[in-house]
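The values are calculated or read from the model by the stated rules, or taken from the named source; none is laboratory data. This structure is a prediction, so every number in the text was calculated from the model and none was measured. All Cβ positions, even for glycine, are placed from backbone atoms using ideal geometry, and neighbour counts span all protein chains on display.
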Amino acid sequence: MLSDPTGSWTPVALSVDLPPGTVVPARTPAGPIALWRSASGRPSASADRCPHRGMRLSHGFVRGETLSCIYHGWSYGAAGNCLRIPAHPGLSPPETIRVATHPVEEAGGVIWVGVGEPATQPPQLAGLVPLRSLQAQAGMAALEAAAGAKADENGLLETTQNSQEIRLLLAFQERDETLIHVLLDGDSSLLERIAVSRAVEALRRKAEAIEAEGSSR
C-alpha cells in the first residue's frame with residue numbers, strides 16, 4: 001500500500017481480471033468495495049452496499065455505464081449518484097441517493113483504489129508486468145518472515161526463493177489475510193513464469209504455516 005499523509009493507494013486487482021461489463025468484490029483499508037468496469041472500459045470503485053436495502057453491490061451487474069443492485073435494480077453511475085429506480089421509471093432519483101465511491105487508477109496492469117485523498121499517483125512499476133494474483137491466509141508480517149525480506153512503502157517485496165527472483169505487490173486485506181500480486185520482468189519466458197508461480201505458491205504455504213503457528217500460541 002502506498003502511504004500518503006492525506007490518503008493511500010491499495011492494489012486491489014489486476015486489470016486482466018476485470019474485463020468490461022463485470023463487477024467483483026474487493027477490499028481496501030476502509031472496507032469492502034464493489035470494483036466494476038463499465039462497458040466502455042472505465043474502472044470504478046463503489047462502497048459494497050446499496051443505500052436502498054443494504055444488498056452488496058458486488059453481487060449486482062453492470063449495464064452500460066452503470067452498476068445495478070441485484071435486489072431491486074437500483075442503478076448507480078461512476079460518481080455514485082443513483083440514475084434509475086425500476087419500480088419508479090418516471091422518477092428522476094434525487095441527488096441525496098448516492099453510494100460512496102473511491103478514486104481508481106490503472107498502472108502497469110494493476111488496478112489501484114484510493115482511500116482518502118492521495119496527493120500522489122500510484123507507482124508505475126516500470127519494467128514489470130503482473131503474472132497472477134492469489135490470496136494468502138497470512139498477514140503481512142508472516143509473509144515478510146517467510147520471504148526473509150521487508151515490503152517497501154509501496155507494498156513491493158523482493159526476495160529470492162528456490163533460486164527464483166520474486167517480486168510481490170502486497171495488499172492488506174484483514175489481520176490474517178493478504179492479497180498477493182505476482183510481478184515479472186516484461187521479457188520473462190513461459191518457463192520462468194511457471195517457475196516463479198510455483199515458488200510463490202511455496203512461499204504462501206510457508207507464510208500460512210507461520211501464521212497458523214503464531215495463532216496457536
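Worth a mention:
- Restricting attention to region 76-98 and to residues that are within 24 Å of the chain's Cα centre (by Cα) and among the aliphatic types (A, V, I, L, M), the residue that is surrounded by the fewest Cβ atoms within 10 Å (Cβ to Cβ) turns out to be Ala79.
- Count of region 48-75 residues, restricted to those that are in a loop (DSSP other than H, G, I, E, B), surrounded by 19 or more Cβ atoms within 10 Å (Cβ to Cβ) and small (Gly, Ala, Ser), is 1.
- Within region 111-137, the set of residues being at pLDDT 95 or above and over 30 Å from Ser189 (Cβ atoms) comprises Val113, Gln137.
- Yes/no for Glu213 being touching a residue at least 40 places away in the same chain (Cβ under 8 Å), charged (D, E, K, R), surrounded by fewer than 18 Cβ atoms within 10 Å (Cβ to Cβ) and more than 26 Å from Ile33 (Cα to Cα): no
- Arg205, sole failed condition from (1) crowded, with 19+ Cβ neighbours inside 10 Å; (2) not in a loop (DSSP other than H, G, I, E, B): (1)
- Arg27 vs. criteria buried (at least 19 other Cβ atoms within 10 Å of the Cβ) and modelled with pLDDT under 95: yes
- Scanning region 184-196 finds one or more residues that are in a strand (DSSP E or B) and not aromatic (Phe, Trp, Tyr).
- Annotation note: of Gly186, Gly139, the sole residue that is loosely packed, with under 15 Cβ neighbours inside 10 Å and outside the structural domain of Ala13 (by TED's automatic domain parsing) is Gly186.
- Some residue of region 40-47 being modelled with pLDDT under 95 and surrounded by 14 or more Cβ atoms within 10 Å (Cβ to Cβ): no
- Test: residue in region 200-208 that is within 22 Å of Asp17 (Cβ to Cβ) and free of Cβ contacts under 8 Å to residues at least 40 places away in the same chain: no
- Among the candidates Ala107, Ala79, Ala100, the residue that is in the same structural domain as Val16 (by TED's automatic domain parsing), within 26 Å of Ser40 (Cα to Cα) and touching a Leu at 6+ places or on another chain (Cβ under 8 Å) is uniquely Ala107.
- Considered as a group, the residues in region 23-47 that are hydroxyl-bearing (Ser, Thr, Tyr) and part of a loop (DSSP other than H, G, I, E, B) include one that is nearest to Ala79 (Cα to Cα), and that residue is Ser38.
- For Leu156: the one exception among (1) touching a residue at least 40 places away in the same chain (Cβ under 8 Å); (2) surrounded by 15 or more Cβ atoms within 10 Å (Cβ to Cβ): (1)
- Restricting region 86-142 to residues that are small (Gly, Ala, Ser) and without any contact (Cβ under 8 Å) to a residue 12 or more places away in the chain leaves a set whose member that is farthest from Glu174 (Cα to Cα) is Gly90.
- Residues in region 169-186 that are under 14 Å from Gln124 (Cα atoms) and either without any contact (Cβ under 8 Å) to a residue 40 or more places away in the chain or over 13 Å from the mean Cα position of the chain (by Cα) (or both): Leu183, Leu184, Asp185, Gly186.
- Pairing residues of region 46-68 that are under 21 Å from Gly114 (Cβ atoms) with residues that are assigned to a loop (DSSP other than H, G, I, E, B) and basic (Lys, Arg), at Cβ distances under 6 Å and at least 6 apart in sequence or on separate chains, gives Asp48/Arg56.
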